[in-house]
Amino acid sequence: MILCGSLHPFFDRKTSIVSKYISELDDCEKLFIPMHDDCPNHWYLCVIDFKHFDIQILDSLRSKSRDEFRFKSVKIVVEFCQTFFKLYDIGKDVFQFSIDWAPSIPTQDNGWDCGVHVIRHMQRFKNGDSMTSSDFCNSVKICREITCDLVIHEGNREKQTIVAIVCTKTSTRAMKKLLL
């Protein structure tokens, strides 16, 4: 990809971020791409399913006034992905995939849980599990679970620091409430 007359550094084959993950794309079955719509400050999810040759848009707060924009945004991202795949000889042709809205996904009942829905969709959709509205019945609890998963993840180099700070600044009673 050429940006401003020269190869963009992100696309340099020697760039560690690209070379580190490029080989994993060959075996990738699903690619999850969080999408952002600035107008209502809303997150939704694009899922490229290489196994089933389709692209789904998972949107917990669909809007007739924003659907066309979001659909076009997904198409632009898919075109970018195709350019990337071609550049790195990945062997995936997403131009042939159909793009459609995911059927029967739970909708959010407020204006601020879209990020939680995106993360939960990625967690459930990767295994092919269907979503139900009960998966989102307690968004505060889900946020805690996601936070705990991120903090205690083996790849988190700051885990010990974060846990130490939380333990020193939080009473035992508050810690129990946080974890429950």
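So, of the residues in region 34-75 that are under 16 Å from residue 92 (Cα atoms) and among the hydrophobic types (A, V, I, L, M, F, W, C), which turns out to be surrounded by the fewest Cβ atoms within 10 Å (Cβ to Cβ)?
53
Which one of these is out of contact with any Asp or Glu (no Cβ under 6 Å at 6 or more places or on another chain), outside any strand (DSSP E or B) and at pLDDT 95 or above: 23, 19, 60, 73?
73
Quick check on my filter: what residues within region 55-83 are more than 20 Å from residue 30 (Cβ to Cβ) and of a type outside the set (Gly, Ala, Ser)?
61, 62, 64, 66, 67, 68, 69, 72, listed by residue number.
For region 78-92, which residues satisfy the criterion of being open to solvent by less than 80 Å² (accessible area, probe 1.4 Å), modelled with pLDDT of 85 or more and not aliphatic (A, V, I, L, M)?
Matches in region 78-92: 81, 82, 83, 84, 85, 92.
Scan region 43-65 for residues that are of a type in the set (D, E, K, R) and within 20 Å of residue 116 (Cα to Cα) and jot them down.
59, 62
Report, by residue number, each residue of region 93-108 that is open to solvent by 30 Å² or more (accessible area, probe 1.4 Å), of a type outside the set (Val, Ile, Thr) and either outside the structural domain of residue 24 (by the TED database) or under 20 Å from the mean Cα position of the chain (by Cα) (or both).
Those that are open to solvent by 30 Å² or more (accessible area, probe 1.4 Å), of a type outside the set (Val, Ile, Thr) and either outside the structural domain of residue 24 (by the TED database) or under 20 Å from the mean Cα position of the chain (by Cα) (or both): 98, 100, 101, 103, 104.
The values are calculated or read from the model by the stated rules, or taken from the named source; none is laboratory data. This is a predicted model, so every value here is computed, not measured. Neighbour counts are summed over all protein chains in view; Cβ atoms, including those assigned to glycine, are modelled from backbone coordinates with ideal geometry. Please note that ligands, DNA and RNA were not included when accessible areas were found on the heavy atoms of the full protein model with its side chains. Shrake-Rupley method; radii C 1.70, N 1.55, O 1.52, S 1.80 Å.
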